[in-house]
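Participant: Starting off with a structure, shown below.
The values are calculated or read from the model by the stated rules, or taken from the named source; none is laboratory data. Because the structure is predicted, anything quoted here is derived from the model rather than measured. Ideal geometry is used to build each Cβ from the backbone, glycine not excepted, and the neighbour counts take in all protein chains shown. Quick note on the areas: whole protein, heavy atoms, side chains included, nothing else; ligands and nucleic acids left out. Shrake-Rupley method; radii C 1.70, N 1.55, O 1.52, S 1.80 Å.
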Amino acid sequence: MIKIAAFCCNWCSYAGADLCGSSRLKYPADIRIIRVPCSSRVDASLVLRAFQKGADGVMVNGCHPGDCHYVSGNYHTRRRMALLKNLLKFMGLDDERLEVNWISGSEAGKFQQTVLDFTDKINKLGPAEEMRDMRCQKPS
């Protein structure tokens, strides 16, 4: 079973995920939703830590550009995640394992479809063994 960490901003994408659940729209159980105040609060260290702790894919979901509760948070997210994708490539990790999406609070169907598509993509890529924390393994 793969593991996906999904950082969702409180104001839009988390509300979309909540509406998805209350509308009884099904999506895979592989996803763990982490509620953050704004998508711009998700920095590179949080994403890398998620990979290190066993995530096979990471989603960062925020408000649509121009609709951010904090005016320009999602613009910072877009720039930061573009740089992080380049860093992941440099580190030898497939940059397809990180995805940024814009989902509003009324788009439960879009949230469901985004999760389904990302889960399929990560299932095809397989587990991300490159980033697992090697400190916890017993020496052979």
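Participant: From (1) assigned to a strand (DSSP E or B); (2) without any contact (Cβ under 8 Å) to a residue 12 or more places away in the chain, pick out the condition that doesn't hold for Ala5.
Facilitator: Failing condition for Ala5: (2).
Participant: What number goes with the only condition from (1) within 14 Å of Met131 (Cβ to Cβ); (2) at pLDDT 95 or above; (3) of a type outside the set (A, V, I, L, M) that Lys110 does not pass?
Facilitator: (1)
Participant: Also, quick follow-up: Taking the stretch 49-72 as the search range and keeping residues that are buried (at least 19 other Cβ atoms within 10 Å of the Cβ) and among the small types (Gly, Ala, Ser), which one is nearest to Asp18 (Cα to Cα)?
Facilitator: Residues of the stretch 49-72 that are buried (at least 19 other Cβ atoms within 10 Å of the Cβ), as a first pass: 50-51, 55-63, 68.
Cutting the leftovers down to among the small types (Gly, Ala, Ser) gives us 50, 55, 57, 62.
Numbers: Ala50: 22, Ala55: 22, Gly57: 21, Gly62: 14 Å.
Step by step, filter the stretch 49-72, then rank; the result is Gly62.
Participant: Still on this structure, I have one more. Report, ordered by the first and then the second residue, all pairs with beta carbons closer than 8 Å, sequence separation of six or more or different chains, a first member in the stretch 57-81 that is in contact (Cβ under 8 Å) with a residue 24 or more places away in the chain, and a second member that is of a type in the set (Asp, Glu) and open to solvent by less than 50 Å² (accessible area, probe 1.4 Å).
Facilitator: Matching pairs, first to second residue: Gly57/Glu99; Val58/Glu99; Met59/Glu99; Val60/Glu99.
Participant: Being touching a Phe, Trp or Tyr at 6+ places or on another chain (Cβ under 7 Å) and within 19 Å of Ile2 (Cα to Cα), is that true of even one residue in the stretch 19-31?
Facilitator: To start, the set of residues in the stretch 19-31 that are touching a Phe, Trp or Tyr at 6+ places or on another chain (Cβ under 7 Å) comprises 20.
Of the ones still in play, those that are also within 19 Å of Ile2 (Cα to Cα) are none.
No: the stretch 19-31 contains no residue that is touching a Phe, Trp or Tyr at 6+ places or on another chain (Cβ under 7 Å) and within 19 Å of Ile2 (Cα to Cα).
Participant: Does the stretch 86-97 hold any residues that are on the phi < 0 side of the Ramachandran plot and surrounded by fewer than 20 Cβ atoms within 10 Å (Cβ to Cβ), and which are they?
Facilitator: Asn86, Leu87, Lys89, Phe90, Met91, Leu93, Asp94, Asp95, Glu96
Participant: Only residues that are open to solvent by less than 30 Å² (accessible area, probe 1.4 Å) and within 13 Å of the chain's Cα centre (by Cα): list them for the stretch 102-134, please.
Facilitator: Ile103, Phe111, Thr114, Val115, Phe118, Thr119, Ile122
Participant: Give the residue, chosen from Asp30, Asp56, that is among the charged types (D, E, K, R) and touching a Pro at 6+ places or on another chain (Cβ under 9 Å). Quick ask: steps written out before the conclusion?
Facilitator: Working: Asp30 fails: touching a Pro at 6+ places or on another chain (Cβ under 9 Å).
On inspection, the qualifying residue turns out to be Asp56.
Participant: For Leu46, indicate whether it is in contact with a strand residue (DSSP E or B) (Cβ under 9 Å, 6 or more places away or on another chain), open to solvent by less than 10 Å² (accessible area, probe 1.4 Å) and not β-branched (Val, Ile, Thr). Write out each step before concluding.
Facilitator: On the way: in contact with a strand residue (DSSP E or B) (Cβ under 9 Å, 6 or more places away or on another chain): yes; open to solvent by less than 10 Å² (accessible area, probe 1.4 Å): no; not β-branched (Val, Ile, Thr): yes.
It is false that Leu46 is in contact with a strand residue (DSSP E or B) (Cβ under 9 Å, 6 or more places away or on another chain), open to solvent by less than 10 Å² (accessible area, probe 1.4 Å) and not β-branched (Val, Ile, Thr).
Participant: I've got another one for you. Across the stretch 22-33, what is the total count of residues that are touching a residue at least 40 places away in the same chain (Cβ under 8 Å) and either open to solvent by less than 50 Å² (accessible area, probe 1.4 Å) or closer than 11 Å to Asn61 by Cα (or both)?
Facilitator: Going through the stretch 22-33 one residue at a time, the tally reaches 3.
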